[in-house]
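Only one structure is covered here, and it is reproduced in the block below.
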Amino acid sequence: MDEMRPSSGAAAHLGLASIFPPGLQAIYGECRRLYPDQANPLQVTAIVKYWLGGPDPLDYISMYRNLGCPGQDVPEHWHYVSLGLSDLYGDNRVHEFTGQEGPSGFGFELTFRLKREAGETAPPTWPAELMQGLARYVFQSENTFCSGDHISWHSPLDNSESRIQHMLLTEDPQMQPMQTPFGHISFLQIVGVCTEELQAAQQWNGQGILDLLRGVHIAGGPWLITDMRRGETIFDIDPHLQERVDKGIETDGSNLSGVSAKCAWDDLSRPPEDEDDSRSICIGSQPRRLSDKDTEQIREALRKGLEINSKSVLPPISSQKHSHDRPHFRTVSRKDSLESESSAAIVPHELVRTRQLESVHLKFNQESGTLLPLCLRGRLLHGRHFTYKSINGDTAITFVSTGVEGAFATEEHPYAAHGPWLQILLTEEFVEQMLADVQDLSTRDSKLPKEYSWPDKKIKISVLPDTVFDSPLQ
């Protein structure tokens with residue numbers, strides 16, 4: 001259980017820094033640079049630390065009163081800073097120490113800026129639990145966040161009736177990346193957004209929407225301050241912004257290269273009793289697990305999903321994992337998406353073994369289904385790829401265009417599987433046809449279940465209620 005108490009960091013500010021771990025000292029020092037007059041900030045801390053068996057990974061969340069910047073029209077607000085995603089101790093109690101050259105722990109800490117309400121004398125503590133929830137995801141999945149990422153939360157961040165129900169991530173405008181004795185740290189700021197703004201970020205890109213938010217004072221302004229009482233989206237405030245998003249999608253496509261989702265697939269070309277069936281749904285039995293090499297390739301595919309100046313590629317399967325190159329996965333339903341920025345040359349690997357399928361049946365829940373038009377228009381028509389990774393197991397479905405190099409699905413054999421990982425290669429002509437047929441999935445108003453079938457291509461797609469995927473037997 002969390003409690004609020006004065007920070008023990010006060011002693012560090014009074015010259016007793018030697019009693020505090022170097023990682024903790026470093027972050028306190030950056031906070032002291034911004035808030036020299038708040039040497040003893042309020043903190044939320046877990047009574048039982050994570051490294052002693054407690055449930056909350058963040059040792060502390062410090063809370064500061066920021067007076068804003070009248071010259072930039074930045075309002076007064078509360079500034080929250082996490083301590084614990086980076087390595088605070090350097091003794092392997094939480095994070096493995098890998099040297100000063102790489103990231104400290106996960107390489108970042110979270111921050112959040114909440115508009116201060118009139119008459120508020122103390123910071124609300126609900127943002128601390130929000131940050132703990134995100135930290136739990138990072139620790140459990142070992143997947144990191146990066147600037148431009150977006151997170152579907154599907155619930156008001158403060159459990160009120162607010163329209164602010166999702167998050168984007170960006171660099172904190174005041175806290176500088178820093179080097180500590182245990183590696184480097186950056187500070188990623190959580191930005192609360194409405195559903196329409198999240199969807200625009202998915203369809204285009206997170207950085208583009210963040211730039212639009214910076215230009216709208218009541219929606220965040222230059223420091224991207226979250227106002228939980230905001231009742232209008234940026235598109236309500238300035239309808240011309242939708243035109244900028246539409247133009248960006250048409251020009252750039254989407255840099256959302258994949259999501260963790262509720263999904264499954266069936267190999268319709270094999271009978272259910274086939275013992276070698278690697279389908280994702282096997283009634284009464286467990287699906288096969290992805291190998292570490294497959295998992296690494298999928299994660300690298302997602303991390304390297306945005307290709308602008310070169311051909312889109314699926315990275316090679318590699319047996320080596322680099323601590324400085326962590327995968328960037330997100331989750332759906334209070335766990336969502338990811339994006340990436342770079343490309344890597346593909347080197348065919350003799351260990352990739354594939355199985356060609358004649359006919360497939362893809363299954364998605366409604367939220368995943370609403371992303372199919374984005375997958376087709378924003379990714380495949382721009383020569384890229386898009387991956388659905390199941391949150392219920394090791395199933396993965398990757399759509400690839402003919403311009404993607406390194407895929408094991410080919411135009412001759414467009415459906416190919418490696419264990420529970422399915423690749424679907426679609427020609428531009430078929431993408432256009434599918435896009436026209438599934439366009440009604442762009443909204444959540446569709447009644448379920450919904451079925452789409454292309455008999456000549458031997459592929460079927462079903463959009464099903466969540467309960468189908470929540471059942472142990474699926």
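(1) modelled with pLDDT under 90; (2) within 28 Å of HIS166 (Cβ to Cβ): which one isn't true of ASP276, the others all being true?
Answer for ASP276: the failing condition is (2).
Can you tell me which residue is farthest from TRP454 (Cα to Cα) among those in segment 416-442 that are in contact with a Lys or Arg (Cβ under 7 Å, 6 or more places away or on another chain) and hydrophobic (A, V, I, L, M, F, W, C)? Before the answer, list the steps.
In the first step, residues of segment 416-442 are kept if they are in contact with a Lys or Arg (Cβ under 7 Å, 6 or more places away or on another chain); the result is 416-420, 430, 435.
Okay, now just the ones that are also hydrophobic (A, V, I, L, M, F, W, C), so 416-417, 430, 435.
Working: ALA416: 18, ALA417: 20, PHE430: 10, LEU435: 12 Å.
Checking each candidate, the answer is ALA417.
Inspect segment 371-392 for any residue being farther than 21 Å from PHE469 by Cα, of a type in the set (D, E, K, R) and exposed (fewer than 15 other Cβ atoms within 10 Å of the Cβ) and give the result as yes or no.
Taking every residue of segment 371-392 in turn, none turns out to be farther than 21 Å from PHE469 by Cα, of a type in the set (D, E, K, R) and exposed (fewer than 15 other Cβ atoms within 10 Å of the Cβ).
May I ask you to verify whether GLY99 is part of a loop (DSSP other than H, G, I, E, B), modelled with pLDDT under 95 and farther than 20 Å from ALA122 by Cβ?
It is true that GLY99 is part of a loop (DSSP other than H, G, I, E, B), modelled with pLDDT under 95 and farther than 20 Å from ALA122 by Cβ.
Just for segment 195-206: of the residues that are touching a helix residue (DSSP H, G or I) at 6+ places or on another chain (Cβ under 8 Å) and either part of a loop (DSSP other than H, G, I, E, B) or open to solvent by less than 20 Å² (accessible area, probe 1.4 Å) (or both), which one is modelled with the lowest pLDDT? Walk me through it before giving the result.
Here is the first cut: in segment 195-206, the residues touching a helix residue (DSSP H, G or I) at 6+ places or on another chain (Cβ under 8 Å) are 196-197, 200-205.
Those left that are additionally either part of a loop (DSSP other than H, G, I, E, B) or open to solvent by less than 20 Å² (accessible area, probe 1.4 Å) (or both): 197, 200-202, 204-205.
Values: GLU197: 97, ALA200: 95, ALA201: 94, GLN202: 90, TRP204: 93, ASN205: 93.
Among those that are touching a helix residue (DSSP H, G or I) at 6+ places or on another chain (Cβ under 8 Å) and either part of a loop (DSSP other than H, G, I, E, B) or open to solvent by less than 20 Å² (accessible area, probe 1.4 Å) (or both), it is GLN202.
Picking from LEU188, LEU157, LEU224, which residue would you name as being more than 27 Å from LEU372 (Cβ to Cβ), touching a Cys at 6+ places or on another chain (Cβ under 9 Å) and either among the β-branched types (Val, Ile, Thr) or touching a residue at least 12 places away in the same chain (Cβ under 8 Å) (or both)? Can you show your working first?
Numbers: LEU157 fails: touching a Cys at 6+ places or on another chain (Cβ under 9 Å); LEU224 fails: touching a Cys at 6+ places or on another chain (Cβ under 9 Å).
Matching residue, one of LEU188, LEU157, LEU224: LEU188.
Contact list please: Cβ distance under 8 Å, first residue in segment 368-388 and in the same structural domain as ARG444 (by the TED database) and among the β-branched types (Val, Ile, Thr), second residue open to solvent by less than 10 Å² (accessible area, probe 1.4 Å) and in a helix (DSSP H, G or I), pairs at least six apart or on different chains.
These pairs meet every condition: THR370/LEU441; THR387/ILE298; THR387/ALA301; THR387/LEU302.
So which residues in segment 174-191 are part of a loop (DSSP other than H, G, I, E, B) and either buried (at least 19 other Cβ atoms within 10 Å of the Cβ) or basic (Lys, Arg) (or both), if there are any at all? Before you say what the answer is, go through the steps one by one.
Taking segment 174-191 as the starting set, the residues that turn out to be part of a loop (DSSP other than H, G, I, E, B) are 174-177, 181-182.
Selection gives MET175, PHE182.
Can you pull out every residue in segment 49-82 that is under 20 Å from SER141 (Cβ atoms), crowded, with 17+ Cβ neighbours inside 10 Å, touching a strand residue (DSSP E or B) at 6+ places or on another chain (Cβ under 6 Å) and not acidic (Asp, Glu)?
LEU58, SER82 - these are the residues of segment 49-82 that are under 20 Å from SER141 (Cβ atoms), crowded, with 17+ Cβ neighbours inside 10 Å, touching a strand residue (DSSP E or B) at 6+ places or on another chain (Cβ under 6 Å) and not acidic (Asp, Glu).
Considering only residues of segment 26-40 that are hydrophobic (A, V, I, L, M, F, W, C) and in a helix (DSSP H, G or I), which is farthest from THR180 (Cα to Cα)?
Start the filter on segment 26-40 by keeping residues that are hydrophobic (A, V, I, L, M, F, W, C), which leaves 26-27, 31, 34, 39.
Checking the rest, the ones that are also in a helix (DSSP H, G or I) come to 26-27, 31, 34.
Numbers: ALA26: 6, ILE27: 9, CYS31: 14, LEU34: 18 Å.
Among those residues, the one meeting the criterion is LEU34.
Collect the residues in segment 207-255 that are outside any helix (DSSP H, G or I), open to solvent by 80 Å² or more (accessible area, probe 1.4 Å) and more than 21 Å from ASP73 (Cα to Cα), keeping them in residue-number order. Walk me through it before giving the result.
Taking segment 207-255 as the starting set, the residues that turn out to be outside any helix (DSSP H, G or I) are 215-216, 220-233, 238-239, 253-255.
So of that shortlist, the ones also open to solvent by 80 Å² or more (accessible area, probe 1.4 Å) come out as 229, 232, 239.
Selection gives PRO239 alone.
Can you find a residue in segment 36-48 that is within 19 Å of ARG116 (Cα to Cα), surrounded by fewer than 16 Cβ atoms within 10 Å (Cβ to Cβ) and at pLDDT 95 or above?
yes
The values are calculated or read from the model by the stated rules, or taken from the named source; none is laboratory data. Please read these numbers as outputs of a predicted model, since none were measured by experiment. Cβ: placed from backbone, ideal geometry, glycine included. Neighbour counts: every protein chain shown. Accessible surface areas use protein heavy atoms only, side chains included; no ligands, DNA or RNA. Shrake-Rupley method; radii C 1.70, N 1.55, O 1.52, S 1.80 Å.
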